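One structure is given here, and the rest of the page talks about it.
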Amino acid sequence: MPDNLATSHEKPADPPDDLAVERLWEPNETAAYLHISRSKLYALISRGEAPPAYRVGSALRFDPIEVRTWLGGRAVTGAVGAAA
């Protein structure tokens with residue numbers, strides 16, 4: 001086997017520092033960050049109102065940077081509940 005191929009029992013190499021990124025969040029981590037239930041997060045997804053999500057195989061994942069950006073874009077100014 002060539003030296004540059006990892007075998008199944010080896011831990012994958014860490015990315016170089018210039019490629020290091022935060023790992024993707026699972027739905028439960030995203031919901032916890034937003035202080036909402038996981039079912040509320042799925043309801044937002046079904047209505048197209050959630051932060052961007054990615055399918056990785058059968059799993060749903062969220063980029064923490066995109067979640068924070070999405071949340072920042074939902075800031076409320078003025079009185080909460082006031083008519084626009």
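The values are calculated or read from the model by the stated rules, or taken from the named source; none is laboratory data. Computed from a prediction, not measured in an experiment: that's the story for all the values here. Here the Cβ is made from the backbone with ideal geometry for all residues, glycine too, and neighbour counts use every protein chain on show.
Output the residues belonging to the stretch 40-58 that are farther than 22 Å from ARG23 by Cα and loosely packed, with under 10 Cβ neighbours inside 10 Å. Within the stretch 40-58, SER46, ARG47, GLY48 qualify.
Going by the structure shown, is GLU22 within 12 Å of the chain's Cα centre (by Cα) and assigned to a loop (DSSP other than H, G, I, E, B)? Here the answer is yes, as GLU22 does meet what is asked.
The single residue among PRO2, PRO52 that is modelled with pLDDT of 95 or more and either more than 14 Å from the chain's Cα centre (by Cα) or closer than 15 Å to TRP70 by Cα (or both) turns out to be PRO52. For first residues located in the stretch 56-79 and on the phi < 0 side of the Ramachandran plot, partners that are surrounded by 10 or more Cβ atoms within 10 Å (Cβ to Cβ) and among the small types (Gly, Ala, Ser) and lie 6+ apart or on another chain with Cβ distances below 7 Å form the pairs LEU60/ALA53; ARG61/ALA53; PHE62/ALA53.
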